[in-house]
Amino acid sequence: MMEFLSSTFTSYVALVPVTLAQSLILAFVVMGIMIPFRTLHFPDLTSEGAYPLGGCVAGVLIAAGVNPALAIIAALLCGFAAGCCTALIHLRFRIHTLLAGILMMTMLYSINLRIMGKSNLSIFGTGSVFDWAPFVTPGFPAAKIIIAGIIGAAVFVALNWFFKTEKGTAMRAVGANPAMAEAQGISVWVSTIGGVGLASAFSATSGALMVQSQGFADVNMGLGILINGLAALMIGEAIVGKHSVFRQLLAPFVGAIIYYQLVSLCLAAGMPPPDLKLATGLFVLAMLALPSLKRGRGGAPAREKFRE
Amino acid sequence: MLEIRSARKTFYKGQPDEKVALDDLSLTLQTGEFGVVIGSNGAGKSTMLNAVSGAMPLDRGQILINGDDVTNTPVHKRAMRIARVFQDPMLGTAASMTVAENMLLAELRSKSRTFARGLNPKRLADYKERLSILGLGLENRLDTRVELLSGGQRQSLSLIMAVGGSPDLLLLDEHTAALDPRTADLVMGATVRAVDALKLTTLMVTHNMQHAVDYGHRVIMLDAGKVKLEIGGEEKAGVTVAKLIDHFSVKSDAMLLGA
């Protein structure tokens, strides 16, 4: 028993820096899930397609010799466009947000394959933004932690500023009460399209960073990213709360860091990787079910009233 | 000034349960006039209000505000000129946002929103002052999320939000109906004070005959999508609840309201 604990601990500790780098990169997907889900009340699945989209776009561009930073910006723009499409499908055709997201991520799978022309692409050995980290040897987790951390901090500061501006407050109002927002002169269309687009841009950025971190792009890299991101968001919100702009924006980062450390701990303890999705799914289910369990018997109404 | 010209709206057109909600309804409200709309259920009061606010497009007819045709203007653009208080206190405010943020949203209704900081100290001081008029202590709860307020407090907040910025037209949609009598009086009192002080052009829908008698310059009774009766000027001063109820065509309605 002691032996098991000590070996688990040793392999976990060895993984901490790698996991931290990974979680800081994936924090952007969590942000891309949080913004529609919490700020706009628009449960969105686009990230499952936008994340590999960002990866594929960045992978192809870097392989073609484009500057890695430019590749990230291109990925970001593609992600933004994908998010805008999801929002448009929902608004124009009155299709439920979840279905709009499923449609978009299914179509994106083909698009991603078209972009790469094959199912995976190695960019190993080419330059990446992580080479530009100051003070550290490129290629080590520390470089990734520094670069992803800097971008993450910049995104946090920028969003924390934006959501408190007049425009940002209006965008939050659309999520809080669309009818009221409209009656206060706010265009629900502009806010929804812009917000969901922004969120998918973050997911795509995450994909672009991940491709540069791992050295290859894969069309299946988005598989299960949504449930991981959701689990991370739940953990983050449980720890830092969500009742102010600051806390709500901090939750994705805190959640991503803690969630991936937990995953790493499970793997170090010898949990078979294929079981990971089941475990994550059960965890998210438990977090979502908690309020209803606390209320006691009866639970929530069987069908939630959907917002059209 | 509000003008509704031959507004027509039919629900379930061409189906067996076709219903004409607005039957070539025309109505003019002068600038600064306070009109009170009454009528039995299904008379078209809510449809008319929704048509004016833009929430429901008309089949035919025109809506003019201060002489400008806004018939085809979407809700969020009409909001530059129109403020509305809904019957349901939940509808008029953003529940998960704070009192101050809601006040900010209302203040920006008729302005273009910028990337400047929303809640600056100057605004917060202004909101404090405007909310203190209510005497509900809301001025000390600027950072409270609106969902934690009572229905009466939320409705009072909606009212302050609506009258701020002196809209060209104020729509009150049975805005005291969901409140207990004491709170309803309080909200109604605040409404009348604000409307008088700011000389707002106001259209109020109510089921409360006493309010129709006590307040406003003109009573407008709707029936089957048309203006059935208008009582204004000197005649309005002499009107009583009993007289108003006599005009309701459906007997059961009169009995219900008289009880």
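Condition check ((1) within 30 Å of residue B:91 (Cβ to Cβ); (2) within 14 Å of another protein chain (Cβ to nearest Cβ)) across all residues:
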| position | (1), (2) |
| --- | --- |
| A:160 | yes, yes |
| A:171 | yes, yes |
| A:178 | yes, yes |
| A:199 | yes, no |
| A:205 | no, no |
| A:215 | no, no |
| A:224 | no, no |
| A:235 | no, no |
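Would you call residue B:207 touching a residue at least 24 places away in the same chain (Cβ under 8 Å), assigned to a loop (DSSP other than H, G, I, E, B), within 18 Å of residue B:95 (Cα to Cα) and under 15 Å from the mean Cα position of the chain (by Cα)?
Numbers: touching a residue at least 24 places away in the same chain (Cβ under 8 Å): yes; assigned to a loop (DSSP other than H, G, I, E, B): yes; within 18 Å of residue B:95 (Cα to Cα): no; under 15 Å from the mean Cα position of the chain (by Cα): yes.
Judged against the criteria, residue B:207 is not a match.
Name the pairs whose Cβ atoms lie under 7 Å apart, with the first residue in the range B:18-46 and of a type in the set (Gly, Ala, Ser), the second surrounded by fewer than 15 Cβ atoms within 10 Å (Cβ to Cβ), and 6 or more positions between them or separate chains?
Pairs that qualify, where the first residue is of a type in the set (Gly, Ala, Ser) and the partner is surrounded by fewer than 15 Cβ atoms within 10 Å (Cβ to Cβ), are B:21/B:11; B:26/B:6; B:32/B:199; B:40/B:250.
For (1) surrounded by fewer than 24 Cβ atoms within 10 Å (Cβ to Cβ); (2) small (Gly, Ala, Ser), each residue gets a yes or a no:
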position	(1), (2)
A:117	yes, yes
A:123	yes, no
A:148	no, yes
A:157	yes, no
A:187	yes, yes
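Test residue B:220 against the criterion of being modelled with pLDDT of 90 or more, within 27 Å of residue B:20 (Cα to Cα) and among the hydrophobic types (A, V, I, L, M, F, W, C), and give yes or no. So that I can check it myself, show each step before the final result.
Values: modelled with pLDDT of 90 or more: yes; within 27 Å of residue B:20 (Cα to Cα): yes; among the hydrophobic types (A, V, I, L, M, F, W, C): yes.
Yes.
Residues that are surrounded by fewer than 17 Cβ atoms within 10 Å (Cβ to Cβ), more than 8 Å from every other protein chain (Cβ to nearest Cβ) and more than 16 Å from the chain's Cα centre (by Cα), at least 1 per element: which helices (runs of 4 or more DSSP H) completely within the range B:63-166 meet that? Before the answer, list the steps.
Values: elements: B:75-78, B:99-107, B:121-132, B:151-163.
Correct list: B:121-132, B:151-163.
Rundown of residues vs (1) part of a helix (DSSP H, G or I); (2) in contact with a helix residue (DSSP H, G or I) (Cβ under 7 Å, 6 or more places away or on another chain); (3) farther than 20 Å from residue A:244 by Cβ, yes/no style:
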| residue | (1), (2), (3) |
| --- | --- |
| A:186 | no, yes, yes |
| A:189 | yes, yes, yes |
| A:195 | yes, yes, no |
| A:199 | yes, yes, no |
| A:204 | yes, yes, yes |
| A:212 | yes, yes, yes |
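Report, ordered by the first and then the second residue, all pairs with beta carbons closer than 6 Å, sequence separation of six or more or different chains, a first member in the range A:113-141 that is within 18 Å of residue A:65 (Cβ to Cβ), and a second member that is among the aromatic types (Phe, Trp, Tyr) and modelled with pLDDT of 85 or more.
From the range A:113-141, the pairs are A:122/A:216.
Restricting to the range B:168-178, give me the number of residues that are in contact with a helix residue (DSSP H, G or I) (Cβ under 7 Å, 6 or more places away or on another chain), touching a residue at least 40 places away in the same chain (Cβ under 8 Å) and assigned to a loop (DSSP other than H, G, I, E, B).
The qualifying residues number 2.
Within the range A:214-233, which residues are in a helix (DSSP H, G or I) and crowded, with 20+ Cβ neighbours inside 10 Å?
Keep residues of the range A:214-233 that are in a helix (DSSP H, G or I), which gives A:214, A:225-233.
The answer is A:225, A:226, A:228, A:229, A:230, A:231, A:232, A:233.
Collect the residues in the range A:74-124 that are under 18 Å from the mean Cα position of the chain (by Cα) and of a type in the set (Val, Ile, Thr), keeping them in residue-number order.
A:86, A:97, A:102, A:106
The values are calculated or read from the model by the stated rules, or taken from the named source; none is laboratory data. Since we're looking at a predicted model, the values are computed, not measured. FYI the Cβ positions are ideal-geometry reconstructions off the backbone, even for glycines, and counts take in every protein chain you see.
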